[in-house]
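S.K.: Next up is a structure, given as structure tokens.
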Amino acid sequence: MKKKLQAPDLIVFTFIMMAIAMVLTWVVPAGSYTRYFNEELNRTLVDPNTFQLIEQTPVGIMDMLAAIPGGFEKNISVIAYVMGWGGAFGILIHTNLIEDGIKNALRGKKKASFFLIVLVSFLFSAGGAFVGIQQSFWSFTPVVALMTTAMGYDIVVAFVAVAVANNIGFMCGPMSIWNVGIAQQISELPLFSGLELRLFIWVLCMALLLGYTYIYARKVAKDPSKSIVYDLCDTSENLAAEVAPAVELTPRRKVALGCLVAEFVGLVIMIAFFDMTSSGQIAAWLTACGIIVAVVNGNNYNEISQGFVEGVKTVLVPCIVVGMAGGILSILEQGNTLDTILHAAVELLSGTSSIFGLLMIYLFQFFFNFLVPSGTAQAATTMPIIAPLSDLIGVSRQCAVLAFQFGDGFSNMIWPTACLAPLAFTNIPFKRWLKWFMPFTAIFIVVSCLILVFASIAGV
């Protein structure tokens, strides 16, 4: 029996990208730009008028392998921050406060109006927007499905409220380390800069999503046969049977949950109003918050340590990918191929406006996400090239990061490489989902392009 061809995982894919980079150093002419440090902008820039072809410097296999530890060294600050972030949230997740808090918030409120769907959607969206949680929330879809079906809707509404809303939050990423944080650090931008604009985009995108969902939900409530999963109506019951009951929150755990909310609100305030943009400061804040919440919750020091270690384990793959992606950049730099690629891209976009170039970056990221659905891997792989390219075509790096966000995040809901996993929690057929969601996808693409044009004109 023939084995099915499996898609490579992130580490294998990144290694393949390193091998491709090595081959490029042999076939692409070597070239070089002059770089200089701009003190006013506090970043390294490329002089666009200094490109010249130089002697070929191809990279061999041993040099390619040696680039891996070099890549870790190049991105050590990003890796350390991601590990600190993962450890801090590992402590919080180990307390089970988030899971129990959500289940208790939903319990006994199935007969409420669509406004409850709005609240639930923003709750899960906030997890992606401020914490960067995605996969951990998918398992809550059956819980929300109990509520949506009891309200006369269907599991599609539940899927939107959990997975799609969460993905919108992750895409906008006001404070998401996995996509925006890494992309900004690679682009030499202050961490989570542009927070106000991203908050506005988040609210706007959520309003569009909920409006689109409300129209569908009302149709289903009036006529259940309008549901795209009408013939699978027993699916909700099957999912409901697997839902674990909510755990009662004691007064002490309620206080701990309150501390958790207060500390995240405090983090937003510190970043927005007190310029706390250092990755070390934010990691320290999160770790301290995790410890405080765990202590209030009644966890001992061994449980706190265990939670931290478990959290670090969950981010090991992203950290490895970030390190290896740094190796890709090192290979292209050693082979003097990176600047030739940049020059070719500039030549391709020459004669066009910076806005057109920005939209091309968006388009590239949108389709590249089909191959690399991980925001972390995509940021680490593409932003080292996109950041200097944006300088050369007259696009601000902040806008380039915004184009990366839109291209990376939203397409996770239509590319099968990314959306099949969350759909598995609802048993919604992919073809039906795609047909239902494509009109909103078209709306979002138009809106996101308008936002990028506005941001470029406004000089964001």
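S.K.: Counting each pair of different Cα atoms once, what's the Kirkwood radius of the stretch 406-460 in Å, rounded to one decimal? Working shown, then result.
M.R.: On the way: mean 1/r = 0.0795 Å⁻¹.
The answer is 12.6 Å.
S.K.: Grab the Cα-Cα distance for S77 and Q306, subtract it from 0.36 nm times how many residues apart they are, and report the gain in nm with one decimal. It would help to have the intermediate numbers written out before the result.
M.R.: Details: separation 229, 0.36 × 229 = 82.44 nm, distance 2.36 nm.
Extra length from S77 to Q306 when fully extended: 80.1 nm.
S.K.: Between D223 and D275, how high is the FRET efficiency from 1/(1 + (r/R0)^6) when r is the Cβ-Cβ distance and R₀ = 60 Å? Nearest 0.05.
M.R.: Values: r = 53 Å, r/R0 = 0.89.
So the FRET efficiency works out to roughly 0.65.
S.K.: Output the peptides 181-188, 218-225 sorted from most to least packed, where packing is the average of other Cβ atoms within 10 Å over each peptide's residues. Spell out each step's value before the answer.
M.R.: Values: 181-188: 23.5, 218-225: 13.2.
Result, highest mean Cβ count within 10 Å first: 181-188, 218-225.
S.K.: Give me the mean projected area, in nm² to one decimal, of the convex hull enclosing the Cα positions of the stretch 330-444. Before the final figure, lay out each step's value.
M.R.: On the way: hull surface 32.5 nm².
For the stretch 330-444, averaging the hull's shadow over all directions gives 8.1 nm².
S.K.: In addition: Which three extents, in whole angstrom, do the alpha-carbon atoms of the stretch 112-166 cover along their principal axes, largest first?
M.R.: 31, 19, 13
S.K.: Summing Lys, Arg as +1 and Asp, Glu as -1, what charge do residues with Cβ under 15 Å from the Cβ of I386 carry, I386 excluded? Show your work: numbers first, answer last.
M.R.: Values: positive: R43, R397; negative: E188, D339, D391, D408.
Spelling it out: positives minus negatives among the neighbours equals -2.
S.K.: Here's something else I'd like to know. Contact order normalised by length for the stretch 365-460, with contacts defined as Cα pairs under 8 Å and 6 or more residues apart; what percent is it? If you can, show how the numbers build up before the last one.
M.R.: Details: 63 pairs, mean separation 33.7, N = 96.
Relative contact order comes out at 35 percent.
S.K.: Show which aspartates and glutamates lie in cross-link reach of K313 when reach means a straight Cα distance below 18 angstrom and same-chain residues fewer than eight apart are skipped.
M.R.: Reachable aspartates and glutamates: D9, E303.
S.K.: Pick out, from A145, L232, A163, the residue whose Cα sits farthest towards the positive end of the charge dipole of the chain, with +1 on the Cβ of Lys and Arg and -1 on the Cβ of Asp and Glu.
M.R.: The Cα lying farthest towards the positive end belongs to L232.
S.K.: Which order, highest average first, do 386-393, 346-353 follow once you tally other Cβ atoms within 10 Å for each residue and take the mean per peptide? Display every interim value, and only then the final one.
M.R.: Numbers: 386-393: 22.9, 346-353: 12.9.
Per-residue mean Cβ counts within 10 Å order the peptides as 386-393, 346-353.
S.K.: Per residue, how much accessible area does the chain show when a 1.4 Å probe rolls over the protein heavy atoms, in square angstrom? It would help to have the intermediate numbers written out before the result.
M.R.: Details: 20390 Å² over 460 residues.
On a per-residue basis, the chain sits at 44 Å².
S.K.: So what's the convex hull volume per residue for the Cα atoms of the chain, in Å³? Provide the component values of the computation, followed by the final result.
M.R.: Working: hull volume 76.7 nm³, N = 460.
Dividing the Cα hull volume of the chain by its residues yields 167 Å³.
S.K.: So how far apart, in nm, are the two label points at A66 and R43 if each is 7 Å from Cα heading toward Cβ?
M.R.: 3.1 nm
S.K.: Another one. How far, in nm, would the chain grow between Q135 and K313 when pulled straight, counting 0.36 nm per residue and subtracting the alpha carbon separation? All intermediate terms of the calculation are to be shown ahead of the outcome.
M.R.: Values: separation 178, 0.36 × 178 = 64.08 nm, distance 1.51 nm.
Here the segment from Q135 to K313 would lengthen by 62.6 nm.
S.K.: For R43, what residues show an amide H to amide H distance below 5 Å, using hydrogens built from the backbone and excluding near sequence neighbours?
M.R.: Hits under the 5 Å cutoff: N38.
S.K.: While we're looking at this one, here's another question. Per residue of the chain, what 222 nm ellipticity follows from adding -39500 (n - 2.57) for every DSSP H run with n ≥ 4, rounded to the nearest 500? Kindly include the intermediate steps, with their values, before the conclusion.
M.R.: Values: 22 runs with 312 residues, N = 460.
Result for the chain: -22000 deg cm²/dmol, rounded to the nearest 500.
S.K.: Cut-off under 18 Å on the C-alpha distance; same-chain residues fewer than 8 positions from K219 excluded. Which aspartates and glutamates are left, in chain and number order?
M.R.: Partners found: D154, D231.
S.K.: Calculate, in nm to one decimal, what Y230 and V265 gain on full extension: separation in residues at 0.36 nm each, minus their alpha carbon distance.
M.R.: Working: separation 35, 0.36 × 35 = 12.60 nm, distance 4.08 nm.
Contour length minus the Cα-Cα distance gives 8.5 nm.
S.K.: While we're here: Relative contact order, percent, of the chain when contacts are C-alpha pairs under 8 Å separated by at least 6 residues? Present the calculation step by step, with values, prior to reporting the outcome.
M.R.: Numbers: 675 pairs, mean separation 120.4, N = 460.
RCO, the chain: 26 percent.
S.K.: Carbon-plus-sulfur fraction of the accessible area of the chain, 1.4 Å probe, in percent? Don't jump to the answer; show the numbers that get you there.
M.R.: Values: 13570 of 20390 Å².
Of all accessible area on the chain, carbon and sulfur atoms account for 67 percent.
S.K.: Binned at 10 Å from 0, what are the whole-percent values of the Cα-Cα distance distribution for the stretch 258-377, short to long?
M.R.: For the stretch 258-377, the binned pair fractions read 10, 22, 28, 23, 13, 4, 0 percent.
S.K.: Let me ask something else about it. Please give the net charge around R43, taking every other residue with its beta carbon less than 10 angstrom from that of R43, where Lys and Arg add +1 and Asp and Glu add -1. It would help to have the intermediate numbers written out before the result.
M.R.: On the way: positive: R397; negative: E39, E40, E188, D391.
Taking every other residue near R43 into account, the sum is -3.
S.K.: While we're here: Got a sec to turn the phi values of the stretch 30-36 into Karplus ³J(HN,Hα) couplings, 6.51 cos²θ - 1.76 cosθ + 1.60 with θ = phi - 60°, whole Hz, x for Gly and Pro?
M.R.: Once θ is set to phi - 60°, the couplings for the stretch 30-36 become 6, x, 8, 9, 8, 10, 8 Hz.
S.K.: Then there is this: Please report the Cα spread of the stretch 51-186 along all three principal axes, rounded to whole Å, starting with the longest.
M.R.: Principal extents (Cα only, largest first): 71, 34, 25 Å.
S.K.: I've got another one for you. What is the sum of charges around T57, taking Lys and Arg as +1, Asp and Glu as -1, for the other residues whose C-beta is under 11 Å from the C-beta of T57? Each step should come with its number before you reach the end.
M.R.: On the way: positive: none; negative: E55, D63, E333.
Counting the neighbours of T57, the net charge comes to -3.
S.K.: Would you calculate the separation in nanometres between label points at T50 and S113, each defined as 7 Å from the Cα along the Cα-to-beta-carbon direction?
M.R.: A separation of 6.3 nm, rounded to one decimal place.
S.K.: Using a 1.4 Å probe and counting only protein heavy atoms, arrange Y214, Y362 so the residue with the most accessible area comes first. All intermediate terms of the calculation are to be shown ahead of the outcome.
M.R.: On the way: Y214 100, Y362 10 Å².
Descending order: Y214, Y362.
S.K.: For the stretch 357-422, what D do you get in µm² per second when you plug the Kirkwood radius from alpha-carbon pairs into Stokes-Einstein at 37 °C and 0.692 mPa s? Working shown, then result.
M.R.: On the way: Rh = 11.7 Å.
Stokes-Einstein gives a translational diffusion coefficient of 280 µm²/s.
The values are calculated or read from the model by the stated rules, or taken from the named source; none is laboratory data. Owing to the predicted nature of the structure, the values given are computational and were not obtained by experimental measurement. Every residue, glycine as well, gets a Cβ built from its backbone with ideal geometry; the counts of neighbours run over all protein chains shown. In case anyone asks, the SASA skips ligands and DNA or RNA and just uses the protein heavy atoms, side chains included. Shrake-Rupley method; radii C 1.70, N 1.55, O 1.52, S 1.80 Å.
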